[in-house]
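Taking it in order: structure first as C-alpha cells, then the write-up.
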Amino acid sequence: MSIAPVPPTAPAPAVRLRVPTDEDALFWHRVFDDPEVMEFFGGRRADFSVYEELTARQRRHDAELGYCLWTVTDQDGTVLGFTGAQPWPHTHYGPVGAIEIGWRLGRSAWGHGYATAAARTTLERLRAAGVPDVVAMIDSRNARSIAVAERLGMRLAETFTTPRPGQEARCYRLEL
C-alpha cells in the first residue's frame, strides 16, 4: 500500500511524547520489526534486549538531562515509534559532543506528518531545556528523514563516512 505524503497545508497530526516505559521496549521491538523501517539501521531487526537497554538509557537521559528519545503515540495512545534527542553516542566518528535529534516510526505511521509534528515538539522541549543547537545524522539515501530535517529548518552542515561499508551520513544542524 502506498501512502501519499502530507500536503504542506495539512494540519499537524496530534502526537504525544512520553518518557519510555519498560513496556515500550516491547512496543518499539514490534513496531520496528520491519526491514523497511530498519533499512538505514543495518536492515534487520534488533533483539528485544537492545530495546530494553535503549528505553532504560532514555529514562536515565530524561532524569539527568531533561530530554531523551520519547515514545511517540497518536491521539488514541497507539505507539508509533520514538522521537527526541540524546548526546551523540559515538566517539570515533560523526558530530562528537553534539546533541542529536532523531526519529524512527513504524511504517504504518509514515506519510501522515507524525515525524515532523513529533520532532517540532522535541525542538520546543529542547529549547526549554536550554539546548543551544542540535544535529541530525541521516543516511544520505534516506529521503524521508532528510525531508523531515529540512521541514524543521535544519541545514546540511557536513557529511561523514560511517563504520558501515558504503554508508554516508549527512549531518544537518539547527541553532535553537
- Task: Output the residues belonging to the range 134-157 that are open to solvent by 70 Å² or more (accessible area, probe 1.4 Å) and among the acidic types (Asp, Glu).
- Result: Glu150
- Output the qualifying pairs, or none if there are none: Cβ atoms under 6 angstrom, residues six or more apart or on different chains, first residue in the range 120-145 and over 19 Å from Trp110 (Cβ atoms) and among the charged types (D, E, K, R), second residue open to solvent by 90 Å² or more (accessible area, probe 1.4 Å) and at pLDDT 95 or above. Asp133/Glu175
- Query: Which residue out of Gly94, Gly84 is over 16 Å from the mean Cα position of the chain (by Cα), closer than 24 Å to Ala46 by Cβ and open to solvent by less than 20 Å² (accessible area, probe 1.4 Å)?
  - Reply: Gly94
- Here the residues within the range 1-41 that are open to solvent by 40 Å² or more (accessible area, probe 1.4 Å), at pLDDT 85 or above and either charged (D, E, K, R) or farther than 18 Å from Thr83 by Cα (or both) are Arg16, Arg18, Asp22, Glu23, Arg30, Asp33, Pro35, Glu36, Glu39
- Item | Candidates Thr78, Thr162, Thr73 - the one that is under 21 Å from Met38 (Cα atoms) and loosely packed, with under 14 Cβ neighbours inside 10 Å | Thr78
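The values are calculated or read from the model by the stated rules, or taken from the named source; none is laboratory data. No experiment lies behind these values; they were computed from the predicted model shown. Every residue, glycine as well, gets a Cβ built from its backbone with ideal geometry; the counts of neighbours run over all protein chains shown. Protein only, heavy atoms only, side chains kept; ligands, DNA and RNA dropped before computing areas. Shrake-Rupley method; radii C 1.70, N 1.55, O 1.52, S 1.80 Å.
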